[in-house]
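**Q** Attaching a single structure in C-alpha cells format; questions to follow.
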Ligand SMILES: Cc1cc2nc3c(=O)[nH]c(=O)nc-3n(C[C@H](O)[C@H](O)[C@H](O)COP(=O)(O)OP(=O)(O)OC[C@H]3O[C@@H](n4cnc5c(N)ncnc54)[C@H](O)[C@@H]3O)c2cc1C
C-alpha cells in the first residue's frame with residue numbers, strides 16, 4: 001500500500017455498503033472513498049483519479065459505485081477499494097444548432113434530467129425516472145421509454161492505468177444494456193465524465209413528457225428496495241411475463257421476494273440478505289429454464 005499511503009486519511013475502513021445500494025443490502029467495503037464535489041468538480045475528479053491510480057499501483061482491486069442501483073453486493077462485502085462517486089456537475093456548450101452537455105459521472109440521472117428540463121433541454125427525459133448516476137448508465141447503457149445512453153453519448157472520459165482517454169460512442173460499443181466497459185474483464189477503468197448530445201424544446205412540454213414517464217412507472221412497477229429489472233428481456237419476449245407464467249409472482253426466499261406487481265423486480269422486504277437475493281435470482285432462473293426452455297440472462301451485476 002505504498003502508493004495509497006498518502007491518501008489513507010481520506011478512506012474509511014470496513015464500511016457497510018447497504019446504504020449505497022438500491023436493494024439496501026450487502027456487506028462491507030474494506031476501504032471506502034466517497035467522492036464529492038463541494039465547489040470544484042474538476043478538482044474532485046482529479047482527487048478521485050489520484051486515489052484510484054494509487055490503488056491500482058498497489059494492485060488493490062477497485063470498484064466504482066454510482067447509485068448502486070444495478071449491483072448486488074455479497075454479504076461478505078468487497079475487498080479492496082470501493083469508491084462511491086457523487087461528483088455532480090454539468091455545463092452546456094450551446095453552438096446552435098448543436099447542443100452539448102458536459103456532465104460528471106457522479107451526477108444522478110433523475111437530477112440531471114430535471115435540471116435540463118428546466119433549462120428547456122430535451123432528449124434526456126427518459127432518464128428522469130431511472131435510478132443511479134451517469135457513470136453507471138454509461139457502463140450499462142441504461143435506457144427507458146425508447147431512449148438510452150447510446151442515443152445521447154458523444155464521448156466519455158475514461159481513466160485506465162494507461163492514462164486518461166476519450167472513448168467515442170463507437171468505442172463504447174453499445175448494445176442492449178451492454179457496452180465495451182461492462183464486459184471489460186480487468187475492471188481497471190473509471191468513467192469520470194461524458195458529453196451528451198441534446199436538443200432544445202419548450203420546458204413545459206419536456207416536463208409533461210417526464211411526468212407521463214414517471215406516472216407510467218408508478219402504475220407498472222413496485223416501490224420498495226429493489227434493483228429494477230433483474231433479467232434482460234429475451235429477444236421477442238419479456239422476462240417478467242416468463243417469470244409470471246411460471247407462477248412465481250410473490251415467491252420468496254428469506255426476505256427477498258418476486259414482486260407481486262412486476263415479476264422481473266425482486267424486493268428486499270426488509271430482512272433480505274444478499275444470499276437470499278442471489279438464491280432467488282438463481283432459483284427463478286432455473287425454474288424459468290425448466291418450464292419454458294428460456295435461459296434468462298441477468299441484467300444486475302453481483303459484486304464482491
Ligand atoms: C427501481 C429501479 C428501476 C430501474 N429502472 C431501470 C430502467 O428503466 N432502465 C435501466 O436501464 N435500468 C434501470 N434500473 C437499473 C439502474 O438504474 C441502471 O442500471 C443504472 O444505470 C445504474 O446506475 P448506478 O450509478 O446505480 O450504477 P451502479 O449500480 O452503482 O454500478 C453499475 C456498474 O457500473 C459501474 N460504475 C458505476 N459508476 C462508474 C464509474 N463512474 N466508472 C466506472 N464504473 C462505474 C459499477 O462498478 C458497476 O459495474 C433500475 C433500477 C432500480 C433500482
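The numbers here are math on the coordinates, done by the rules we state, and not lab data. Model, not experiment: these values are computed from the prediction. Virtual Cβ from ideal backbone geometry, glycine too; neighbours counted across all protein chains shown.
**Q** By counting other Cβ atoms within 10 Å of each Cβ, how are 265, 124 ranked from fewest to most?
**A** 265, 124
**Q** Quick check: the distance between the Cα centres of region 205-240 and region 135-162, to the nearest angstrom?
**A** Here the two parts' Cα centres lie 19 Å apart.
**Q** So if each residue of separation counts as 0.36 nm, and I subtract the Cα-Cα distance between residue 19 and residue 291, what length gain in nm does that give?
**A** 94.3 nm
**Q** Please work out how much length the chain gains when fully extended from residue 95 to residue 57, using 0.36 nm per residue of separation minus the C-alpha to C-alpha distance, in nm with one decimal. Present the calculation step by step, with values, prior to reporting the outcome.
**A** Values: separation 38, 0.36 × 38 = 13.68 nm, distance 4.05 nm.
The span from residue 95 to residue 57 would gain 9.6 nm if fully extended.
**Q** Sticking with the crude label model, points 7 Å out along Cα→Cβ, report the distance from residue 176 to residue 76 in nm, one decimal please.
**A** The two pseudo-label positions are separated by 3.3 nm.
**Q** Neighbouring Cβ atoms within 10 Å as the yardstick, rank 300, 34 fewest first.
**A** The order, fewest Cβ neighbours first, is 34, 300.
**Q** Hey, what number do you get for the chain at 222 nm if only DSSP H runs of n ≥ 4 count, each worth -39500 (n - 2.57), divided across all residues, to the nearest 500? Could you put the intermediate results ahead of the total?
**A** Values: 8 runs with 86 residues, N = 304.
Value at 222 nm, helices only, nearest 500: -8500 deg cm²/dmol.
**Q** What shape does region 33-97 take by its C-alpha gyration tensor, where a ≥ b ≥ c are the square roots of the eigenvalues and a/c under 1.5 counts as rounded, a/b above b/c as prolate, and the rest as oblate?
**A** Note, shape of region 33-97 comes out prolate.
**Q** Right, here's the next one. Given labels modelled 7 Å from the Cα in the Cβ direction, how far is it in nm from residue 219 to residue 282?
**A** Label at residue 219, label at residue 282, 3.9 nm between them.
**Q** Right, something else. What percent do you get for the relative contact order of region 1-70 when only Cα pairs under 8 Å and 6+ apart count?
**A** 36 percent
**Q** Let me ask something additional. What is the spin-label model distance, in nm, from residue 46 to residue 115 if the labels are put 7 Å beyond Cα along the C-beta direction?
**A** 2.1 nm
**Q** Relative contact order (percent) for region 213-282, with alpha-carbon contacts under 8 angstrom and 6 or more residues of separation?
**A** Value for region 213-282: 32 percent.
**Q** Compute the distribution of all C-alpha to C-alpha distances in region 188-261, in bins of 10 Å from 0, and list the percent of pairs in each, rounded to whole numbers.
**A** 13, 29, 28, 24, 5
**Q** So for region 3-154, what are the equivalent ellipsoid semi-axes in whole Å, largest first, each being the square root of 5 times an eigenvalue of the Cα gyration tensor?
**A** So the three semi-axes of region 3-154 are 30, 19, 12 Å.
**Q** Given the options 133, 166, 98, state which has the largest fluctuation in a GNM of the chain using a 10 Å cut-off (strictly under) for Cα springs.
**A** 98
**Q** Cut-off 10 angstrom, C-alpha nodes, Gaussian network model of the chain. Which of 78, 258, 284 fluctuates the most?
**A** 284
**Q** When a/c reaches 1.5 or more, the comparison of a/b and b/c decides; with that in mind, is the chain rounded, prolate or oblate per its Cα gyration tensor?
**A** Cα axes put the chain in the oblate bin.
**Q** With a/c under 1.5 counting as rounded, go ahead and sort region 73-149 into rounded, prolate or oblate using the C-alpha gyration tensor (a ≥ b ≥ c being the square roots of the eigenvalues; past the cut-off, prolate if a/b is larger than b/c, else oblate).
**A** Details: a/c = 2.69, a/b = 1.91, b/c = 1.41.
Since a/c reaches 1.5 and a/b is larger than b/c, the shape of region 73-149 is classed as prolate.
**Q** Cut-off is 10 Å between beta-carbons; in what order do 86, 9 appear when sorted fewest neighbours first?
**A** Working: 86 20, 9 6.
Going from least to most buried by this count: 9, 86.
**Q** Here's a follow-up. Considering only 201, 148, 237, give the residue with the highest GNM mean-square fluctuation for the chain, with springs between Cα atoms whenever their separation is below 10 Å.
**A** 237
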